[in-house]
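S.K.: Just passing along the structure, written as structure tokens.
The values are calculated or read from the model by the stated rules, or taken from the named source; none is laboratory data. All values reported here derive from a predicted model rather than from experimental measurement. Here Cβ is always computed from backbone atoms with ideal geometry, including for glycine, and neighbour counts include all displayed protein chains.
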Amino acid sequence: MKDAPGQTPEFFSGSTAQGNSLLKYVQAMDPETIAQLSKPMSSELLQVMENNIIGLLGGLPSQHFDITVATSREDLGRLLASAMMSGYFLRGAEQRMALERTLGISEITDTPSETE
């Protein structure tokens, strides 16, 4: 935890060329593009992501408890990576579900019909 401000932590300074090129690619993106990619497509996805993070951190209601979370920089990095991967997976699942609904091949429907 002795990294100076602005210094890249060791878990971001990848030893492979691919890791460095991905980092450079993301850093070169416009803020609007990053905001668009970061925004969930639906409120359902946002709710699932919030529930996932609450499950990782613990779900005590803050109005009844004074909650403080303490962790190391490395564990916080792992938590962030886990949340990002979960969000990436859920966003892909949401896009697939929308595509399947559009094509009419989804097994999950909002109004199930037994005659189909």
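Yes/no matrix, rows are residues, columns are (1) farther than 23 Å from MET97 by Cα; (2) of a type outside the set (S, T, N, Q); (3) in contact with a helix residue (DSSP H, G or I) (Cβ under 9 Å, 6 or more places away or on another chain):
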site	(1), (2), (3)
GLN36	no, no, no
MET49	no, yes, yes
GLY55	yes, yes, no
ASP66	yes, yes, no
ASP75	yes, yes, no
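Here's the yes/no breakdown for (1) within 23 Å of VAL26 (Cα to Cα); (2) part of a helix (DSSP H, G or I); (3) out of contact with any Pro (no Cβ under 9 Å at 6 or more places or on another chain); (4) free of Cβ contacts under 8 Å to residues at least 40 places away in the same chain:
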position: PRO40; (1), (2), (3), (4): yes, no, yes, no
position: LEU46; (1), (2), (3), (4): yes, yes, no, yes
position: ASN52; (1), (2), (3), (4): no, yes, yes, yes
position: SER62; (1), (2), (3), (4): no, no, yes, yes
position: MET97; (1), (2), (3), (4): no, yes, yes, yes
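S.K.: A further question follows. Restricting attention to region 64-81, which residues are touching a residue at least 60 places away in the same chain (Cβ under 8 Å) and within 28 Å of ALA93 (Cβ to Cβ)?
M.R.: GLY77
S.K.: Here is a follow-up. Applying the selection to region 76-116, what residues are modelled with pLDDT of 80 or more and of a type in the set (S, T, N, Q)?
M.R.: SER82, SER86, GLN95, THR102
S.K.: Something else about it: Within region 37-44, is there a residue that is closer than 22 Å to LEU90 by Cα, modelled with pLDDT under 80 and touching a Gly at 6+ places or on another chain (Cβ under 9 Å)?
M.R.: Looking for residues that are closer than 22 Å to LEU90 by Cα, modelled with pLDDT under 80 and touching a Gly at 6+ places or on another chain (Cβ under 9 Å), one finds at least one in region 37-44, hence yes.
S.K.: Tell me which residues, restricted to region 64-86, are of a type in the set (S, T, N, Q) and outside any helix (DSSP H, G or I).
M.R.: Selection gives THR68, THR71, SER72.
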